[in-house]
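S.K.: Take a look at the following structure, please.
The values are calculated or read from the model by the stated rules, or taken from the named source; none is laboratory data. The shown structure was predicted, so the numbers you read here are calculated from the model rather than taken from an experiment. With ideal geometry, Cβ positions are generated from the backbone for all residues, glycine too; neighbour counts draw on all protein chains shown. Quick note on the areas: whole protein, heavy atoms, side chains included, nothing else; ligands and nucleic acids left out. Shrake-Rupley method; radii C 1.70, N 1.55, O 1.52, S 1.80 Å.
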Amino acid sequence: SKSSHLYGTAIYTKVEPVFVNKGIGDEEFDLEGRVINMEFDSFNLFNVYAPSGAKDKKHLNRKYNFYDKFTKLFMQSKKPVIVCGDFNRMSSEIDAKRPELMKNKSGFMPEEQEWFSEILNDYVDAFRYFHDGGDNYSWWANKKLREENKGLRLDYFLVSKEIGKNLNDSYILKNQLGSDHVPIVLDLNYD
């Protein structure tokens, strides 16, 4: 079926991966190009563009279904993991300019908060590891809200705790134009 929406993920690398896999093994999501996995010598990298779920209950359930399958996939890795991309959810209230407006909405549902609580037992939110303050967002609904910095942090690098010793920094390129999202950076040091 044709979709009027545009999806997809990409990874550019100067290092040849050991293995590349596109998708999560579910045709509905895989046709949308929502996940790429590249295995390198020291870690597995997963790039994700999660469904929004904001339209209605059906789309929210679709988002939950995606996360169930995607989480199972990256947690099965035998190597340390880096998961990056547009998660379309926030880890905590500090990730929204006005969190009270997000309560019980896709991106900040109790189930989504529970997911982050569980994941952060085994993984590090790399940006928060270096920056614990507010007003750090990666997405804005429109240009005016971006100018006023009234946004959400929907984009993440989650890294296995074993990778913690290799973290140098993670930051948001707030001034990058071209999308309603801005890039985030993870600086790692591997010998």
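S.K.: Does segment 1-73 classify as rounded, prolate or oblate by the C-alpha gyration tensor (a ≥ b ≥ c root eigenvalues; a/c under 1.5 gives rounded; else a/b over b/c gives prolate, otherwise oblate)?
M.R.: Cα axes put segment 1-73 in the prolate bin.
S.K.: Near the amide H of TYR156, under 5 Å away, which other amide H atoms are found, from residues 5 or more places off or on another chain, if H is placed in the peptide plane?
M.R.: GLY85, PHE87
S.K.: For segment 121-185, run through the trypsin sites (Lys or Arg not before Pro) and keep only the ones in DSSP coil with at most 15 other Cβ atoms within 10 Å of their Cβ.
M.R.: LYS174
S.K.: Once neighbouring chains are kept in place and the probe is 1.4 Å, which whole percent of the accessible area of segment 20-66 is contributed by carbon and sulfur?
M.R.: Of the solvent-accessible surface of segment 20-66, carbon and sulfur hold 48 percent.
S.K.: In percent, what relative contact order does segment 1-68 have, based on Cα pairs under 8 Å that are 6 or more apart in sequence?
M.R.: Relative CO of segment 1-68 lands at 26 percent.
S.K.: Between LEU188 and residues 5 or more places away or on another chain, which pairs have amide H atoms under 5 Å apart, with H built 1.01 Å from N, and which residues are they?
M.R.: Under 5 Å from the amide H of LEU188: ASN168.
S.K.: Now for a different question. Would you mind giving the three semi-axes, in whole Å and largest first, of the ellipsoid equivalent to segment 49-153 according to its Cα gyration tensor?
M.R.: Semi-axes, largest first: 23, 18, 12 Å.
S.K.: Can you tally the net charge around VAL18? Count Lys and Arg as +1, Asp and Glu as -1, for every other residue whose Cβ sits under 10 Å from the Cβ of VAL18.
M.R.: Taking every other residue near VAL18 into account, the sum is -2.
S.K.: Now for a separate question. Could you work out which residue, out of GLU16, GLU93, GLU28, moves most in a Gaussian network model of the chain, that is, has the largest mean-square fluctuation with Cα springs under 10 Å?
M.R.: Its mean-square fluctuation being the largest, the pick is GLU16.
S.K.: For the chain, what is the calculated [θ] at 222 nm in deg cm²/dmol (nearest 500), taking -39500 (n - 2.57) for each run of four or more DSSP H residues and dividing by its residue count?
M.R.: After summing the helix terms and dividing by the residues of the chain, the value is -6000 deg cm²/dmol.
S.K.: How large is the dipole of the chain about the Cα centre if only Lys and Arg carry +1 and Asp and Glu carry -1, each at its Cβ, rounded to the nearest 20 debye?
M.R.: 640 debye
S.K.: Between beta-carbons, use under 12 Å as the cut-off and find the net charge around ASN44, counting Lys and Arg +1, Asp and Glu -1.
M.R.: Net local charge, ASN44 excluded: -1.
S.K.: Give the distance, in whole Å, between the Cα centre of segment 40-59 and the Cα centre of segment 122-145.
M.R.: With segment 40-59 and segment 122-145 each reduced to a Cα centre, they are spaced 17 Å.
S.K.: Restricting to DSSP loop positions (anything but H, G, I, E, B) with no more than 15 other Cβ atoms inside 10 Å of their own Cβ, which chymotrypsin sites (Phe, Trp or Tyr not before Pro) remain in segment 154-191?
M.R.: TYR190
S.K.: Also, I was wondering about something else. So if I place +1 on the C-beta of Lys and Arg and -1 on the C-beta of Asp and Glu, and nothing else carries charge, what would the dipole magnitude of segment 101-178 be about its Cα centre? I want it in debye, nearest 20.
M.R.: Value, rounded to 20: 440 debye.
S.K.: Hey, what's the chain come to in accessible area per residue, 1.4 Å probe, Å²?
M.R.: Each residue of the chain exposes 57 Å² on average to a 1.4 Å probe.
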